[in-house]
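Okay, so here's the structure we're looking at.
The values are calculated or read from the model by the stated rules, or taken from the named source; none is laboratory data. It should be emphasised that the depicted structure is a prediction, and the values quoted were computed from it without experimental measurement. Here the Cβ positions follow ideal geometry from the backbone for every residue, glycine too, while neighbour counts run over all protein chains shown. These area figures cover heavy atoms from the full protein model, side chains too; ligands, DNA and RNA do not enter into them. Shrake-Rupley method; radii C 1.70, N 1.55, O 1.52, S 1.80 Å.
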Amino acid sequence: MVKFTKHLAVIAMLGTMMFSGNAMAHTTVMSKNTPTQFSTRDELEGTTAFNWFSIPHGCASSHAHGGKNQSVRAQSVVFPNGADSLAERTDTKEPVNLADHLEGNPVMSAKPAVNGLFKKIRTLKGPVPPFISHGSELTEDVRAFVFTHGKLEDGLLGVVPWSASFPKFKSNSCVTALTVYIAIANYCTNSSNEQDDDRADIWIGRLTEKYNDPDVVSVDFWPYLRVVRDLEKNPLPEGCGKGFEIGVYPSDEAIDEFLPITGYWPATNGKGDHGKHDNHKQ
């Protein structure tokens, strides 16, 4: 089993951050509104669920466009299911190896549904730690969604549907929940001009080598959902006490590889800007 232990220095940095909940002003995974949870999205372990990304507004206004919020024209999404994903205990911020706690990967067989916002939908696949699906071992899975050729006017709510399968917790693990942090970018203007603050909204929680502008990156905020343990069918082992929660984030490398869309900042307008991922192109 491939271990999720790469880039521990980055995990140490993540431990110093404060992460907000799913605020309405941000692009998020829509809350599930269960009888016990009204502001988060909880999925039961070992299930396949139907979800939505919520886009509540266009990219922030700037003087370059007359102080008007810009329409969202493209979106990309990156899941933390690669071998280089960053996993940590929520309480102590210590790095963890997900293979010690999960049967499968944080997000498996993700599939975007047809929607009325974007005319073109792509999925980007890449290597993942081995997992079993329908009796077969897979080492490649969907790592990202790319939505283009859209126009969500500011002032309207955008809803982007998708589905995915979520892992089970190992019976000998003390983990009670997994928070899955998802990288999402909304792109508004076909421009790499860094003077335009309203060119994009990048919801990734931290700066990366490519996404290095704090004017458009939501430092300290991540879209997320939680996978919760079924304590009746899969109780904690003796000695765990109340157990603990863990979280997983996409690595900087995964974000910089899968999140850009050609024609939008920080990508260029040049052909083949994304190498093997030519389907990033607008």
Original post:
In the P(r) worked out for the stretch 154-248, what percent of Cα pairs fall beyond 18 Å?
Top reply: 61
Subject >> HN-Hα J in Hz across the stretch 170-175 - Karplus 6.51, -1.76, 1.60, θ = phi - 60°, x for Gly and Pro >> reply: 5, 5, 9, 8, 9, 7
Original post:
Once amide H atoms are built 1.01 Å from N in the peptide plane, which residues 5 or more positions from F221, or in another chain, come under 5 Å H to H?
Top reply: G205
Original post:
If the chain between D100 and K170 were fully stretched, how many nm would it gain, using 0.36 nm times the residue separation less the Cα-Cα distance?
Top reply: 24.4 nm
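Computed from the mean reciprocal separation of all distinct C-alpha pairs, what Kirkwood hydrodynamic radius does the stretch 68-214 have, in Å?
Details: mean 1/r = 0.0579 Å⁻¹.
So the Kirkwood estimate lands at 17.3 Å.
Once the piece of chain linking D91 and L138 is laid out straight, how much longer is it, given 0.36 nm per residue of separation minus the C-alpha distance between them?
Numbers: separation 47, 0.36 × 47 = 16.92 nm, distance 3.18 nm.
My answer for the length gained is 13.7 nm.
Expressed in whole Å with the largest first, what are the equivalent ellipsoid semi-axes of the stretch 113-180 derived from the C-alpha gyration tensor as the square root of 5 times each eigenvalue? Numbers along the way, then the final one.
Details: eigenvalues 201, 60, 18 Å².
For the stretch 113-180, the ellipsoid semi-axes come out as 32, 17, 9 Å.
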Original post:
How far is the Cα center of the stretch 151-168 from the Cα center of the stretch 211-264, in Å?
Top reply: 17
Original post:
Sorted by accessible area (1.4 Å probe), largest first, how do I204, I121 line up?
Top reply: I121, I204
**OP:** In debye, nearest 20, what is the charge dipole magnitude of the stretch 147-266 about its Cα centre with +1 on Lys and Arg Cβ and -1 on Asp and Glu Cβ, if you could check?
**Re:** 880
Subject >> Simple spin-label estimate for E245 and M30 in nanometres, 7 Å along Cα-Cβ >> reply: 2.3
**OP:** Please identify every one of the GluC sites (Glu not before Pro) in the stretch 169-240 that sits in a loop by DSSP and has no more than 10 other beta carbons within 10 Å of its own beta carbon.
**Re:** E209, E232, E238
